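Heads up: the structure comes next, in structure tokens.
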Amino acid sequence: MAKATGVQKAILGLVVVIVVGVIATVVLAVMVLVNQQTTTTVATVPNGASSSTLPLTTVNGTATSTLPLTTVNGTATSTLPLSTTNGATTPAPPPPPTTTNGATTSTPPPPTTTYPPNTNPTKGFHDAAAILLTAIDPSVDPCDDFYQFTCGNWLKNHPIPADRTRIGAYDVAQLTIDTNLAMLLGNISVTDQTQPKTVQAAALFYQKCVSYDDTAQNGAKLFAVLNGAGRTGFPMVDANWAPSDPKNLWTTIGYLESQYALSTLFQSYVTVDWGNVARNALFLNQGALSMPLDYYILPQFKSSIDSYVTYVFELAQALRDETNSKVTDAQLMDDTLKVVQLETQLAFAMSPDTLLRNYAFQYNEYTLTKLSATYQQIGWDGYLSSLLKDVDPNYQTDSVVLTEPGYIGVVNSLIAGSLISPRTFANFIGVKFLEDNAQFLGSTYRTALLKFRKNVHHENDLPAAATDCVELLTNMMPYSTGYLYVNSIPNRDNITKDVLLQSTKVIEQFMGMVDSLHWMSDTTKKAAHTKAAGLIKNIGYPDWLLNTTALDLYNKKYTDSMLSLGGSSLWDILSALKYAFQRTENFQLLEQAPDRKNFLASPATVNAWYQPERNSITFPIAAFNPPYYRYDFPQAYNYAGQGGTGGHELTHGFDDEGVQYGPDGQLSNCAWNLCTWMDYNSTLGFTDMAQCVVNQFSQQCCPVTTGNVHCANGATTQGENIADLGGQLSAYLAYQDWKKTENNGQEEPRLPGLEQYTMNQIFWMTYGYSWCMNQSTQSLVNQMLTNPHAPAKCRTNQVLQDIPAFGIDFGCKRGTDNMYPPATQRCQVWTGN
């Protein structure tokens, strides 16, 4: 959970003994249902094969319930023998007498369960205990390997599904929500006028998507788009292709990005202007690659490059055959190699993530005149006019912010030196368009896609259609699924109020930690408090979301472009969805004033994020589910989960990237090489603190594994690691404050079945459980090469080794036990105590 680029969320009662064979996936699915009190029961969703190759954050797979559920008064409940009286779960009464051969006999009642006096027998405490009991491995010493202690049994019981490269505790929460949304969307009539138009459009897309017939051939439609007037064509599958006006390359790139959300040579986006937060600005970034950057550069990944060459060739071959082109295999392979060579050259021009943490260097504003004069080989007029053709002319931008001018310079040089032919550039654009749509072009294309994923990402199957279609919809039309999900939660107001109180306490404790820092000057501490006071807290969902008039107004571009296509193919409806996404969530922002309360993603997303240019933290209501939170769970659980998440996102406002932005989101006090609201000596102290974390994560080499990459990169992951440390400590202190101010200074009752653990220990166990994850080796390699988050085990053990309160609460021996190292081996992050 990091800075966003854009991200949210029957009755199972266990006494002391857990039913063997009911794994935590099912428990979590049931927990989510209870938390929302929804009338939708979990059912098996239709299986299928559908996956998005769009640049979206997705969670693939199916979620089904193996626990029999019934619905009582609109609430999904379990058929397990439990009953609830005044909120407390008690054993159900014995069944009535039965008659056999005329003789009446009584079934013995179930054994009576008694609880130690210091436990809480309510349903919420039962369910929280059930989650942890199915996860922990008590045979492991928590002072030696806390991750294995909290997750040992969970890891054994959750093998990686065939259509995934990982499965984690929070993935299960998202899968459960997506499954319920799939059932809702599948049962809505597209012509039901009682539904908001937004919901009708969402149901239209979902029902077309989930029923997609991959015998349909849509490659010809893609080919027609590339051959439209003023476009480049697709020479590698067109024997009659001839070079056209060089300007067509740039108009084609702008057109595909505007109409089909496809990034090729560049990635453009609109957000708050970092240098002037009174307006939104158009940013232009380096292009998107099909694989991690290191795969193109390091020799040990040659097999992945070979697989990519095969993938591009097979996609082009499928399109050639569908369009009855006369292009030979030899010509196809020659073009394929040149396309991959171009992508490799672009990869060498790109900056790795470790060099993209200084925003003074990434803020380079160019007027259109200066842009054209500096990079003369790029057709800026054609690109920008196509990109922004539907933006109101009164709001057409007169400047662009380049985040990577060096990359743009390389593209300019490749053209100026005629190093890459117009044919190869046109083929590069066509290949990217093919890749982006491969799962919806037909069975031959999908076969090539699956083969590539198996070889490079080690996925053994494509994801299930139902949840994959929901995920695509959630990413492309965020407030459609967000509306449906939020509307299904009766107690949403209580939940958001509780999380707001929790967030307020976490912020208070974090600022107390800041005040304790010996390396920070009083002037800088004052600036830190000013930034915290300016923080925007987006909790749950936007306040306009449930107003259907406002909802339909927001989504007007979607409904206008989609609802008239009811009888059309999925290709046409998906194209309309992508166009509306670009207009609504991206380029339309140029016509609007900046909105610091913009959630940036769906409330149905299990995630959270900090947005530095808005100085805002966002917690979608979907995140208020296990493994992070449930309204009736003990506060130890909720503060460790959602409270820790809140602290983590808050800390991003003060990490090595966050300190560059002021309280309103504007880059602060910029010199030629650095922006920061810290004074010089405080900056030195901060750098020392951050470097300790960088060194620790790099030197301790977590996780030790086989393959080409063995260690998390401490520099790349420093922001997330610092946020984990500062966030979890502030959440722990906030929980102590909650007991003092909201619970009369009393400890919470203990969990039934886990009475041997104090609630402080439950706090740490909940944090560890939230990171339980099985992950393929290749997925782990990809993460360590491309992701700013350290692997799950590192985010548990190495974080807690740096927080002395953990070792104290578990009675670990300082300096002897692995989880409680001596002070000289710990990093002191965001605290002077």
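The values are calculated or read from the model by the stated rules, or taken from the named source; none is laboratory data. Computed from a predicted structure; not experimentally measured. Here the Cβ positions follow ideal geometry from the backbone for every residue, glycine too, while neighbour counts run over all protein chains shown.
Remarks
- Taking the range 146-181 as the range and being among the hydroxyl-bearing types (Ser, Thr, Tyr) and surrounded by fewer than 22 Cβ atoms within 10 Å (Cβ to Cβ) as the test, only Thr165 passes.
- Residue, surrounded by the fewest Cβ atoms within 10 Å (Cβ to Cβ), within the range 714-753, restricted to residues that are of a type in the set (Val, Ile, Thr) and not in a loop (DSSP other than H, G, I, E, B): Thr741
- For Asp245, the conditions (1) over 28 Å from the mean Cα position of the chain (by Cα); (2) within 22 Å of Phe440 (Cα to Cα); (3) charged (D, E, K, R) all hold with the exception of (2).
- Of the residues examined, Tyr255 is not one that is out of contact with any Leu (no Cβ under 7 Å at 6 or more places or on another chain), in the same structural domain as Ile408 (by TED's automatic domain parsing), at pLDDT below 95 and of a type in the set (Phe, Trp, Tyr).
- When restricted to residues that are acidic (Asp, Glu) and surrounded by fewer than 17 Cβ atoms within 10 Å (Cβ to Cβ), the range 182-220 contains 2.
- Test result for Ser575, among the small types (Gly, Ala, Ser), within 16 Å of Leu473 (Cβ to Cβ) and out of contact with any Leu (no Cβ under 6 Å at 6 or more places or on another chain): yes
- Odd one out for Met765, checked against (1) at negative phi; (2) surrounded by fewer than 22 Cβ atoms within 10 Å (Cβ to Cβ): (2)
- Matching residues, the range 135-177, being small (Gly, Ala, Ser) and in a helix (DSSP H, G or I): Gly152, Ala169, Ala173
Okay, residues lined up against (1) within 16 Å of Leu754 (Cα to Cα); (2) modelled with pLDDT under 95; (3) touching a strand residue (DSSP E or B) at 6+ places or on another chain (Cβ under 8 Å); (4) not hydrophobic (A, V, I, L, M, F, W, C):
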| residue | (1), (2), (3), (4) |
| --- | --- |
| Thr114 | yes, yes, no, yes |
| Asn120 | yes, yes, yes, yes |
| Lys123 | yes, no, yes, yes |
| Ala135 | yes, no, no, no |
| Ser139 | yes, no, no, yes |
| Thr150 | yes, no, no, yes |
| Trp154 | no, no, no, no |
| Ile160 | no, yes, yes, no |
| Ile167 | no, yes, yes, no |
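- Of all residues making up the range 754-763, the number that are in a helix (DSSP H, G or I) and either over 20 Å from Gln148 (Cβ atoms) or touching a Ser or Thr at 6+ places or on another chain (Cβ under 6 Å) (or both): 2
- Subset of the range 764-798 [assigned to a helix (DSSP H, G or I), within 21 Å of the chain's Cα centre (by Cα), aliphatic (A, V, I, L, M) and over 11 Å from Arg166 (Cβ atoms)]: Val781, Met784, Leu785
- Residues that are outside any loop (DSSP other than H, G, I, E, B) and of a type in the set (S, T, N, Q), drawn from the range 477-502: Ser480, Thr481, Asn487, Asn494, Thr496, Gln502
- Looking across the range 386-406, the residues that are assigned to a helix (DSSP H, G or I) and at pLDDT below 95 come down to Pro393, Asn394, Tyr395.
- All positions within the range 291-311 that are surrounded by fewer than 20 Cβ atoms within 10 Å (Cβ to Cβ) and in a loop (DSSP other than H, G, I, E, B): Leu298
- Test: Asn280 is in contact with a strand residue (DSSP E or B) (Cβ under 6 Å, 6 or more places away or on another chain), of a type outside the set (Val, Ile, Thr) and over 15 Å from Glu404 (Cβ atoms): yes
- Residue, farthest from the chain's Cα centre (by Cα), within the range 525-545, restricted to residues that are among the basic types (Lys, Arg) and closer than 18 Å to Glu613 by Cβ: Lys531
- Residue match in the range 709-718 (condition: modelled with pLDDT under 95, touching a His at 6+ places or on another chain (Cβ under 7 Å), more than 22 Å from Thr645 (Cβ to Cβ) and not assigned by TED's automatic domain parsing to the domain that holds Asn358): no
- First in the range 250-278 and within 24 Å of Ala349 (Cα to Cα), second anywhere and among the hydroxyl-bearing types (Ser, Thr, Tyr) and part of a strand (DSSP E or B), Cβ under 7 Å, 6 or more apart: Glu257/Ser268
Listed here are the residues, each with its yes/no results for (1) among the charged types (D, E, K, R); (2) surrounded by fewer than 22 Cβ atoms within 10 Å (Cβ to Cβ); (3) in contact with a Gly (Cβ under 9 Å, 6 or more places away or on another chain).
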| site | (1), (2), (3) |
| --- | --- |
| Gly442 | no, yes, yes |
| Lys451 | yes, yes, no |
| Leu473 | no, no, no |
| Gly482 | no, no, no |
| Asn491 | no, yes, no |
| Trp519 | no, yes, yes |
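- Flag if Pro804 is at pLDDT 95 or above and either small (Gly, Ala, Ser) or over 20 Å from Ile136 (Cβ atoms) (or both): yes
- Residue satisfying all of: in the range 324-369; of a type in the set (D, E, K, R) and under 27 Å from Asp294 (Cβ atoms); surrounded by the fewest Cβ atoms within 10 Å (Cβ to Cβ) among these: Asp334
- Test: Asn437 is part of a helix (DSSP H, G or I) and surrounded by 15 or more Cβ atoms within 10 Å (Cβ to Cβ): yes
- Selected residue [modelled with pLDDT under 95 and surrounded by fewer than 21 Cβ atoms within 10 Å (Cβ to Cβ)] from Ala229, Ala239, Ala224: Ala229
- Of all residues in the range 643-700, those that are crowded, with 16+ Cβ neighbours inside 10 Å and either outside any loop (DSSP other than H, G, I, E, B) or touching a Cys at 6+ places or on another chain (Cβ under 7 Å) (or both) total 28.
- Within the range 590-634, the residues that satisfy the criterion of being out of contact with any Asp or Glu (no Cβ under 8 Å at 6 or more places or on another chain) and of a type in the set (Phe, Trp, Tyr) are Phe599, Phe624, Tyr628, Tyr629.
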